[in-house]
Amino acid sequence: HRHQKLLLYWHSIDFFHYFFRSDIYYKASHLSRVEIHQHNSVHIKNPILEITMSLQTISRRLLSRSTATLVSKKSKPLVTTMATRSYLSHSQLPEEHKMIYDMCRSFADNELSPNAGEWDKKHEFPTDAVTKLAELGMMGINVSSDFGGSEMDALSYAIAMEEISRGCASVGVIMSAHNSLYLYPIDTWGTDAQKEQFVEPYATCAHGDGLKVGCFGLSEPGNGSDAGAASTTATLDGDEWVLNGTKAWITNAHEASAAVVFATTDKDLKHKGISAFIVPMDAEGFSLGAKEDKLGIRASSTANLIMDQVRIPKDYLLGEQGQGFKIAMQTLDGGRIGVAGQALGIASASIDVAAKYALEREAFGKPIAQLQSIQNKLSAMAVARDSARLLTWRAAMLKDNKERFVREAAMAKLAASEAATMCAHQAIQVLGGMGYVSDMPAERHYRDARITEIYEGTSEIQHLVIAGDLFKEYKQAS
Amino acid sequence: IFQKMKILVGVKRVVDYAVRVRVANNTIDLSNIKMSLNPFCEIAVEQAVRMKESKMASEVIAVNIGPAKGGTETLRTALAMGCDRGIHITTEQRTDFLEVQPRTVSQIFKSLVDEEEPSLVLLGKQGIDSDCGQVGPMLAGLLNWPQVTFAASLEQGDDGDSTLKLDRETDSGTEQLQVQLPSVVTCDLRLNEPRYATLPNIMKAKKKKVDVRDISTFGDAGVDLEPHLQVLEITEPPSRQAGIVVQDVDELVSKLKDEAKVI
């Protein structure tokens, strides 16, 4: 019968129990809920740790008549949709994801962690390390192999971002801005000619002219969150576009040789008048502002892009005229998964330093790891990081499944960035005085973490995105 | 001979080098422990791949004796570094000396050498779990091939392309040897620095062929699968004692002479 079909099936997982208590749903009307059910292909003795996420909207009518039938441990799910992969931990990932995890982790341990402090102190772009990353295929991670990329999926990207950022958050943002913000839009909306010129040499490091890096110019001095109010203009003059304006807060500005720039071709159309352009940064009229003196991620350069009558060929328009805003928003959705990965890396690095310190530092006659205050902190840090990681993996898996992932990506970025700042903050607290000095990396993680709540969509914007998508769903149901 | 040279490389799955093992019930507890490719085997794989890249060899085959799931992972790592194909001999027995022992491993390798006819077998000098270092020499003995253990450098020999010139590290210094192929070589730390697997290679590794066989097929063919050495006791090494502070060099010398008896 209809009601029986509504039976949801979940395990009493302590971790998720907090979120999915049955009393919340008892006699509740129009809901959409996350369904947890056992995935068949993973054979684990204790199925408590399996999750498969699928979203289901249950109509108000059906629910209001349901009673205790809502709770049943053995019932079958209504519909098995979406991501049928069920990865709870790294050990359950498919082989290639585990290999990427291992490779990135050892790369970060050997090449990045030992040098990150030095790079941060000197504000030095780690060219050698980034070149090595490019040689490993990490600077073209999602690009198709036809254009020199590694053709990996979003989940691989998220995992790689986390491990690399664990070693050095600056290298993380360099990699993320290059992959998600520069390569993705051109790879997705570009013509083959554009891809040959602006994707292929940037996805590999095999061209003999060294490392080629790209950047993404959306924010301006006058608007960050308000991306639709772009004031950089693009005017068609014969068979050239002429760009005028300034872009602010651009990552990789000083190392990049090409940029994806958003400019308005018709201010009256507001956000529908924005178009995307590929701009070679050696064009006449193109100049860079001074490097910003940042609180964190200091090894990556951040500066203004200044365009004064910059002329680019007509066919450097990316996508269609007026499609720019949509390109920007969709690009940022994927970018959020990358930044969430970066924030997770910072959180993980903070947990590493705090846990190791707590096991060695003694106070009151024993290692501080045996004191409850410290245990509570480390536990909270681990839960925050792990839950953000699952949100990130979920968003990545939805993207890989070609499903809508706007809300999930925003949730991942929001959760991960807040986890990063919390973990870094508590890591300093656990280290005490040692957390405040540069001898230990905790202070660098604290400074690096802060930006994750700001760029690629501030936390406040993420809330708007999530709420907007949430309400859209309820409006559809009623 | 080089152009057609096949190399067989052993890749052992061991406890990760960074893990602190626990002794429990007179055995090492392997549950939930991180396992990885033996570092010396990794060096052997790197050497084999380099030889292939410099056209000294045409095919590299990686061989693992290990559990159904874990062994394939180890092989994929080797494939991602550049080996052409793999042979996975599945067994649920422990491969860290407690159940599958060097004698069995050597006999299995001899069987594979008879089948594949490589000109060179590259192995790690020892497994970091058992620290035996026996498979290389035993295999050479079974095959009646020359062996060079603890290789620290490897290049083409002076006498044409069926010879190799190697440096061999011993406790009393480094020897320079020239060996006639076919030969067994075990690799030491200074031979090379293993590469990171590139992402494209990780993807390619998925498609490379891995031939899976159960260890019992070797048993049926005459290989002795039983352990002949019984481990009586396993204990942790004594924990590190605190040092002492000496007042001056004279006291240091007298302590070294009279108490530590090292001079």
Residue check: is A:THR264 open to solvent by less than 20 Å² (accessible area, probe 1.4 Å), farther than 20 Å from A:TYR455 by Cβ and polar (S, T, N, Q)? yes
Within the range A:95-122, residues being surrounded by 16 or more Cβ atoms within 10 Å (Cβ to Cβ) and more than 14 Å from chain B (Cβ to nearest Cβ) number 5
Checking B:PRO227, B:PRO182, B:PRO200 in turn, the sole residue that is surrounded by 13 or more Cβ atoms within 10 Å (Cβ to Cβ), under 25 Å from B:LYS125 (Cβ atoms) and out of contact with any strand residue (DSSP E or B) (no Cβ under 9 Å at 6 or more places or on another chain) turns out to be B:PRO227
Residue pairs qualifying under the 9 Å Cβ cut-off, at least six apart or on distinct chains, with the first in the range A:150-169 being more than 10 Å from chain B (Cβ to nearest Cβ) and in contact (Cβ under 8 Å) with a residue 40 or more places away in the chain and the second being open to solvent by 10 Å² or more (accessible area, probe 1.4 Å) and aromatic (Phe, Trp, Tyr), are A:ALA154/A:PHE405; A:LEU155/A:TYR87; A:ILE159/A:TYR101; A:GLU162/A:TYR101; A:GLU163/A:TYR101; A:CYS168/A:TRP119
For the range B:240-254, the count of residues that are surrounded by 10 or more Cβ atoms within 10 Å (Cβ to Cβ) and either in a loop (DSSP other than H, G, I, E, B) or at positive phi (or both) equals 1
The residue from A:ALA169, A:ALA134, A:ALA160 that alone is open to solvent by less than 10 Å² (accessible area, probe 1.4 Å) and modelled with pLDDT under 95 is A:ALA134
Only one of B:VAL210, B:VAL185 is within 21 Å of the chain's Cα centre (by Cα), within 14 Å of another protein chain (Cβ to nearest Cβ) and either over 30 Å from A:GLU95 (Cα atoms) or hydrophobic (A, V, I, L, M, F, W, C) (or both), namely B:VAL210
### Task
Evaluate the following for B:ILE61: is it under 15 Å from B:GLY10 (Cβ atoms), more than 14 Å from chain A (Cβ to nearest Cβ) and surrounded by 22 or more Cβ atoms within 10 Å (Cβ to Cβ)?
no
Restricting the range A:379-389 to residues that are more than 12 Å from the chain's Cα centre (by Cα) and open to solvent by less than 30 Å² (accessible area, probe 1.4 Å), the one nearest to A:ARG361 (Cα to Cα) turns out to be A:MET381
With the first residue restricted to the range A:174-193 and required to be more than 17 Å from A:ALA303 (Cα to Cα) and buried (at least 24 other Cβ atoms within 10 Å of the Cβ), and the second required to be basic (Lys, Arg) and modelled with pLDDT of 95 or more, Cβ contacts under 9 Å at 6 or more apart or on different chains are A:SER180/A:ARG336; A:ILE186/A:LYS195
For the range B:151-164 the number of residues that are open to solvent by 20 Å² or more (accessible area, probe 1.4 Å) and either in contact with a helix residue (DSSP H, G or I) (Cβ under 9 Å, 6 or more places away or on another chain) or not in a strand (DSSP E or B) (or both) is 7
Quiz prompt | B:MET35 being modelled with pLDDT under 95, within 25 Å of B:GLN107 (Cβ to Cβ) and either open to solvent by 30 Å² or more (accessible area, probe 1.4 Å) or out of contact with any strand residue (DSSP E or B) (no Cβ under 9 Å at 6 or more places or on another chain) (or both) | solution = yes
Of A:ILE454, A:ILE466, the only residue that is at pLDDT 95 or above, open to solvent by 30 Å² or more (accessible area, probe 1.4 Å) and β-branched (Val, Ile, Thr) is A:ILE454
The strands (runs of 3 or more DSSP E) lying entirely within the range A:246-325 that contain at least 2 residues which are under 30 Å from A:ARG447 (Cβ atoms) are A:256-264, A:286-288, A:302-313
Just one listed residue, out of B:GLY70, B:GLY82, is within 14 Å of chain A (Cβ to nearest Cβ), within 25 Å of B:VAL231 (Cβ to Cβ) and either charged (D, E, K, R) or in contact with a strand residue (DSSP E or B) (Cβ under 8 Å, 6 or more places away or on another chain) (or both), and it is B:GLY70
(Q) Looking for something among the aliphatic types (A, V, I, L, M), open to solvent by 60 Å² or more (accessible area, probe 1.4 Å) and not in a loop (DSSP other than H, G, I, E, B) - is there at least one such residue anywhere in the range A:220-232? (A) no
### Query
If you go through the range B:94-102 one residue at a time, do you hit one that is without any contact (Cβ under 8 Å) to a residue 12 or more places away in the chain and either over 15 Å from the mean Cα position of the chain (by Cα) or open to solvent by 30 Å² or more (accessible area, probe 1.4 Å) (or both)?
no
Within the range B:133-175, of all residues that are of a type outside the set (A, V, I, L, M) and touching a Pro at 6+ places or on another chain (Cβ under 8 Å), the one nearest to B:PHE40 (Cα to Cα) is B:THR149
Quick check on the range A:244-260. Is at least one of its residues more than 15 Å from A:PHE216 (Cβ to Cβ) and open to solvent by less than 10 Å² (accessible area, probe 1.4 Å)? no
(message) Just to be sure before I move on: is A:ARG298 modelled with pLDDT of 95 or more and either out of contact with any Pro (no Cβ under 7 Å at 6 or more places or on another chain) or among the acidic types (Asp, Glu) (or both) in the structure I sent?
(response) yes
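The values are calculated or read from the model by the stated rules, or taken from the named source; none is laboratory data. Just so we're clear, the structure is a prediction, and the values are computed from it rather than from any experiment. Reconstructed Cβ throughout: ideal geometry from the backbone, glycine too, with neighbour counts over all protein chains shown. Just the protein is used for accessible areas: all its heavy atoms, side chains included, with ligands, DNA and RNA removed. Shrake-Rupley method; radii C 1.70, N 1.55, O 1.52, S 1.80 Å.
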